[in-house]
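Novice: Just dropping this structure here.
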Amino acid sequence: MNAETALITGSISGIGLHLASEFAAQRDGLVLVAPVESELQAQALS
């Protein structure tokens with residue numbers, strides 16, 4: 001079992017959003033960081 005985790009900053013728009021989508025489809029461990037918590041939560045639910 002390979003337990004790798006990706007950390008993506010600025011994950012609610014632009015390149016960060018695209019990377020978050022791509023990594024979410026490929027791995028289990030994903031940590032998303034964004035400056036506005038409510039926008040990050042909204043993105044997590046979509």
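Just so it is clear, none of the values below were taken in a lab; they were calculated from the coordinates. On a predicted model such as this, the values are computed, not experimentally measured, just so you know. No Cβ is skipped: glycine too gets one built from the backbone with ideal geometry, and neighbour counts run over all protein chains shown.
Novice: Calculated from the structure, semi-axes √(5λ) of the Cα gyration tensor in Å equals which of (1) 23, 17, 10; (2) 19, 10, 9; (3) 27, 12, 7?
Specialist: (2)
Novice: Which part of segment 1-21 falls in the paramagnetic zone of Val31, meaning amide N under 11 Å from the point 7 Å along Cα-to-beta-carbon?
Specialist: 5-9
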